[in-house]
1. Filter region B:287-302 down to residues that are more than 27 Å from A:Lys139 (Cα to Cα) and hydrophobic (A, V, I, L, M, F, W, C) and give me whichever is surrounded by the fewest Cβ atoms within 10 Å (Cβ to Cβ).
2. Out of B:Val302, B:Val312, which single residue is closer than 24 Å to B:Met232 by Cα and away from chain A (no Cβ under 14 Å)?
3. Here is a list of conditions, (1) within 14 Å of another protein chain (Cβ to nearest Cβ); (2) touching a helix residue (DSSP H, G or I) at 6+ places or on another chain (Cβ under 8 Å); (3) under 26 Å from A:Phe222 (Cβ atoms); (4) assigned to a helix (DSSP H, G or I), and A:His108 meets all of them except one; can you say which number that is?
4. Check region B:221-237 and report whether any residue there is more than 14 Å from chain A (Cβ to nearest Cβ), at pLDDT below 95 and either touching a strand residue (DSSP E or B) at 6+ places or on another chain (Cβ under 7 Å) or surrounded by 13 or more Cβ atoms within 10 Å (Cβ to Cβ) (or both).
5. Which one of these does A:Arg271 not meet: (1) of a type in the set (D, E, K, R); (2) out of contact with any strand residue (DSSP E or B) (no Cβ under 8 Å at 6 or more places or on another chain); (3) at pLDDT below 95?
6. Could you look through region A:74-105, keep only residues that are part of a loop (DSSP other than H, G, I, E, B) and touching a Phe, Trp or Tyr at 6+ places or on another chain (Cβ under 7 Å), and pick out the one that is farthest from B:Leu275 (Cα to Cα)?
7. Could you look through region B:36-79, keep only residues that are touching a Ser or Thr at 6+ places or on another chain (Cβ under 6 Å), in a loop (DSSP other than H, G, I, E, B) and touching a residue at least 40 places away in the same chain (Cβ under 8 Å), and pick out the one that is nearest to the other protein chains (Cβ to nearest Cβ)?
8. How do the helices (runs of 4 or more DSSP H) wholly within region A:289-401 filter down when requiring 2 or more residues that are under 30 Å from A:Leu20 (Cα atoms): which remain?
Amino acid sequence: MLNRTIAPIIKEPVDFTISLPGCQKHTLSNGIEVYTVDMGSEETLMINWVFYAGNWYEDTKAVAAATNFLLKNGTSKRSAFDINEHFEYYGAYLSRSCYNETSELTLHCLNKHTNELLPVAAELITDAVFPAEELAIYKQNAKQRLQVSLQKCEFVAGRLIDAYLFGEQHPYGKYNNAEDYDAIQREDIVAFYNNYYRNGRCVIFAAGKLPADLINELEKHFGSLPLRSHRQELTVVRHPLQPAAQKKSHIINDAAGVQAAIRIASPFPNRHHPDFQKGLVLNTLFGGFFGSRLMANIREDKGYTYGIYSYLLNHIHECGWLISTEAGRDVSEATITEIYNEMELLREEPVDDEELLMTRNYMIGSILGDLDGPFQVIGRWKNLILNNIEESYFHNSLHVIRTVTAQELQELANKYLQPDQFYELVVI
Amino acid sequence: MIQFEKFTLPNGLRVVVHEDAATPMAVVNIMYDVGARDEDPGKTGFAHLFEHLMFGGSVNIEDFETPLQMAGGENNAYTTNDVTNYYVQLPAENLETALWLESDRLLSLAFDEKSLEVQRKVVSEEFKEHYINKPYGDVWFKLREMAYPNHPYRWMTIGKELSHIENATLEDVKQFFFKHYRPVNAILVVGGNVKTVEVKTLVEKWFADIPAGEKYVRSIPDELPQTAPRRMEVKADVPLDALYKCWHMDDRMSHGYYVADLITEVLGGGGSSRLFQSLVKEKKLFSHIECYHFGSVDKGLVAIEGKLVKGVKMEDAEKAVDEELEKLKKDGITEKELTKIQNKTESSIAFEDMSVMTRTNNLAFYELLGDADLFNTDREKYFAVTREDILLYSRKIFDVNNSNTLCYYSNN
């Protein structure tokens, strides 16, 4: 008779040998680096143009995001409709996104259509014209979207906690209000585009089952553009941190709200600091996955919330430690108390062997799962390249996951999980 | 073409194995033929509540998550109005751990009072987070009730009202479990870096001795054809007026399903779609508009929803939507539009097929629809759709007597 109480033998993921599948580097004539991961079985690919054109570089609020959004909305030869139709006709997806330091244009398409699409991508980078009418629609729609978002406690909490932690003037902390959208001038966008796209710093990533002539095609369409290598920085832009003075805030956004958005955050060193990788393990244990302490206590034992997580914020320059949840309004104080209780436990008691092993195995298994497929693999490489770190960092992080001790984690908890270092925000 | 093998255990459990040596991972997907449509109208939200209870331990294994995480795995689940799906991804070497865990919860849950009490609260918080605390969060509660006077699609997967979950008893939960979560109502798909022979041995080892259970035979009232337009107005503390419309379409296995899917692409798929180009960009009546369908197993809904630009009158916005639909009903689509939506279909299938997780999930769903091999023949059905089909079917769906309209007004 089968005894179901006995678990099958497992192979401990900590013992796995994990290698990061290789990435090829090519350099176009103008110095632009192209990184490629050629694997997979479907005839599909992804090309990602990364520009150093995030809000870190803007002089006026909301200009970086508006420029990025409007890249697709008209060139001297094509209207916004023509551009959309060109990509959609070939079943391709051209998305754009704007982050703090970088902004991107990303193409997903079937291999067989690549050569129809690359020239138009190049056209967007060299010849976007930002029609006034498109800008007017963008402003209006962005303001309306904002109005809806501002009714959500989690949206309000998310932007305020960043502002407390980094400062309202800092790229990581600033956020847009309706008047910021109103104030965007077309000339600012054109100037930003000229500096940071047309003549900007760029790096290209491509992944999938790549067509044999891809590098030649990229050279043909992008190799002679006035773009610069992403490694060139002419003037180093710095922004001072200006964290808030007040550590605790309680805001009523909607008097009838049935839930409270809770955000608790403190500064944390960036990934170049020796504590960062160990911090990732401690964070996972604390609130980084379903089996974490916060989830086990606050969701699975008490039912205060649908979900609670903690994160190490992955910015390039300054990082942070953030705990985030939406909890029942009447249990929001109890939830905060439990978060601090869990911090205290991590400071007071070393984690036991079984829980530590489970965390290690979960983390390794999850890295293995994340390396499944070309897009995931290039994602790992991109993270290394944009943060200017070597491949050894990846292997070192696996080593840290395997070897960090309970004592080291406890020391780390004592260093970083101190309630008085945290900003605490409740938005109802 | 995707390769797979199928077999059925004597207790009725259908098993599909899909080998893919390119990944180090294995995926174990178990789909139960039960969704919110199978609930008692007075006890809605149960299938979804189960999604939570299923992680609360089973009869021989106190804790589902810990051994799985120890084996390097992750899992999650979702519930729809049609199906309940649980999936585990873990390093292929540890496949047996997933089968052990899944088989024990198929054997029987722990039925723990404390677990029920906690998950009732968790689901209540989920309800609040997604449907009460969000502007426009109540829209589909109202529209489903309007569109389905008979069929149990009239309620949301989360449940019709919070009290149904709050009042769930352990006895209710037990009954629901033994009625629906039995081998005879389940489909197990194992995919990834696995060998069919080994999967067969392990599946037999862990699943063969689970009692088959009684086959649940669904008897759901079919929704009668709608014969007159239905309308409703709502006023709420939201910043903008919004317009929601929906129309009945065919069930998942009908030709009409594929035609409707392509119609939503023409109207709402991306920046070059008709509604976006005409109503957001040219006429500037909406700040946002989309067209989609629910893709449900029984007869579903095609929907259009949009937020009005401040100052635009609801009548003008609705009229403009109707004009676009009239244009489609009169002239159909161009040859170029047909090529575009077929290219998009080809490409979205290719991207979806890249992940072993989606492939196993789709295999389970196709097997539930009747045969896992539909995975390989489904795409042909999209390419068989003609311009004529689109013209005729849009006339059928977008008939005013088939329409349900919700005008959602801002109090401000």
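The values are calculated or read from the model by the stated rules, or taken from the named source; none is laboratory data. None of these values were measured; they are calculated from a predicted model. All Cβ positions, even for glycine, are placed from backbone atoms using ideal geometry, and neighbour counts span all protein chains on display.
1. Here is the first cut: in region B:287-302, the residues more than 27 Å from A:Lys139 (Cα to Cα) are B:293-302.
Checking which are hydrophobic (A, V, I, L, M, F, W, C) leaves us with B:294, B:297, B:301-302.
Values: B:Phe294: 18, B:Val297: 22, B:Leu301: 23, B:Val302: 23.
That would be B:Phe294.
2. Working: B:Val312 fails: away from chain A (no Cβ under 14 Å).
Of the residues listed, the single one that is closer than 24 Å to B:Met232 by Cα and away from chain A (no Cβ under 14 Å) is B:Val302.
3. All conditions are met except number (4).
4. Yes.
5. (2)
6. So in region A:74-105, the residues part of a loop (DSSP other than H, G, I, E, B) come out as A:76-78, A:90-92, A:99-102.
Still in the list and also touching a Phe, Trp or Tyr at 6+ places or on another chain (Cβ under 7 Å): A:100-102.
Working: A:Asn100: 33, A:Glu101: 34, A:Thr102: 32 Å.
Filtering first and then ranking leaves A:Glu101.
7. Top of the filtered list is B:Asn60.
8. Working: elements: A:332-348, A:353-370, A:374-386.
In region A:289-401, the matching helices (runs of 4 or more DSSP H) lie at A:353-370, A:374-386.
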